[in-house]
Amino acid sequence: MDLGLDGRAALVTGGARGIGYAISALLVAEGAKVAVADIDAAGAREAAAKLGAAGGTLVAVTGDVSDHAASAAMVAEAEQAIGPLDVLVNNAGMWIVKPFIETGPQDWAREFGVNTHGVLNMTHAALPGMIERRRGSVITITSEAGRVGEPRTAVYSAAKAAVIGFSKALAKEVGRHGVRVNCVALGTTRTPQAEASFAPELWDRIAKAYPLGRTGEPDDAAAAVAFLAGDRASWVTGQTYGVNGGYAMP
């Protein structure tokens, strides 16, 4: 199926590994030009080089999404290299797993800085050009924790809920300009960050909470993002797509 991504320019934050890498790989496979954005400069370059070896058009850009100026610089660098952005994927994220009463303001600032302000910063930088060109798709990777809440990740749940609300409101603002805004809400997905957070013996127990009997893989998220990025989703905006193995059915 042609998703309508051939020749489109996309930027993926947190693109050096895990879900971001899988998204970048699929977008390139569908013909898009991709800027792999990550705070890890070496990781971004390695990911772009590896994906580009198969013949795709990729560039690595580096910066901290929690910083407004750095976000604007990443968008500018990406557009100079691959052209005006048609697709922005806000994938960069992090969490702290511990009871809320054991966290403090520094922890809250880190989680909201990446998970919420990072989305605001990157979208703020990419949106004016999309509005001017009357075409664009903004996709934010959120979590089912933002819709149902999860113990020991209370602040992460709050930060992810915030971007769902932001995306719904923004979709109503910019739809008339031809720009679509959606979210993909994930269940527990096997990524380097997740595997570092959960002991190996917990994965089988986690999988039992999912009606489909397994946790997610990065490719599961990538498939939803590729659909929402392309022309096949031209009448989809303001939505939060659950890619969660049936864990949550809001």
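The values are calculated or read from the model by the stated rules, or taken from the named source; none is laboratory data. This one's a predicted model, so the numbers in the text were calculated from it and none came from an experiment. Counting neighbours? That spans all protein chains shown, and the Cβs are built from the backbone with ideal geometry, glycine included.
Listed here are the residues, each with its yes/no results for (1) modelled with pLDDT under 95; (2) over 14 Å from the mean Cα position of the chain (by Cα); (3) small (G, A, S).
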{"position": "A16", "(1), (2), (3)": "no, no, yes"}
{"position": "G43", "(1), (2), (3)": "no, yes, yes"}
{"position": "A48", "(1), (2), (3)": "no, yes, yes"}
{"position": "A70", "(1), (2), (3)": "no, yes, yes"}
{"position": "A76", "(1), (2), (3)": "no, yes, yes"}
{"position": "V87", "(1), (2), (3)": "no, no, no"}
Next on the checklist: Just to be sure I understand, how many residues within the stretch 78-106 are surrounded by 15 or more Cβ atoms within 10 Å (Cβ to Cβ), of a type in the set (D, E) and not in a loop (DSSP other than H, G, I, E, B)?
Outcome noted: 1
Next on the checklist: Every residue in the stretch 221-247 that is out of contact with any helix residue (DSSP H, G or I) (no Cβ under 7 Å at 6 or more places or on another chain), farther than 26 Å from A209 by Cβ, touching a residue at least 40 places away in the same chain (Cβ under 8 Å) and not in a helix (DSSP H, G or I), please.
Outcome noted: G230, S234
Next on the checklist: Among the numbered criteria (1) surrounded by 13 or more Cβ atoms within 10 Å (Cβ to Cβ); (2) within 30 Å of A10 (Cβ to Cβ), which one does W203 miss?
Outcome noted: (2)
Checklist outcome for this item: For the stretch 165-193, the count of residues that are under 19 Å from P151 (Cα atoms) and crowded, with 19+ Cβ neighbours inside 10 Å equals 5
Next on the checklist: Checking the structure you have, find out if any residue of the stretch 198-213 is touching a Gly at 6+ places or on another chain (Cβ under 7 Å) and aromatic (F, W, Y).
Outcome noted: yes
Checklist outcome for this item: Residue count, the stretch 37-77, condition acidic (D, E), surrounded by fewer than 18 Cβ atoms within 10 Å (Cβ to Cβ) and either touching a strand residue (DSSP E or B) at 6+ places or on another chain (Cβ under 7 Å) or assigned to a loop (DSSP other than H, G, I, E, B) (or both), comes to 3
Item to check | Candidate set from the stretch 178-205 (those that are among the basic types (K, R) and over 14 Å from E217 (Cβ atoms)); member that is farthest from the chain's Cα centre (by Cα) | outcome: R205
Item to check | Enumeration of residues in the stretch 136-163 that are part of a loop (DSSP other than H, G, I, E, B) and crowded, with 19+ Cβ neighbours inside 10 Å | outcome: E144, T153
Checklist entry - Across the stretch 2-28, what is the total count of residues that are on the phi > 0 side of the Ramachandran plot, in a loop (DSSP other than H, G, I, E, B) and touching a residue at least 60 places away in the same chain (Cβ under 8 Å)? => result 2
Checklist entry - Within the set of pairs 6+ apart or on separate chains, which have a first residue in the stretch 42-60 that is under 14 Å from V28 (Cα atoms), a second that is assigned to a loop (DSSP other than H, G, I, E, B), and C-beta atoms under 8 Å apart? => result A47/G15; A47/A16; A47/R17
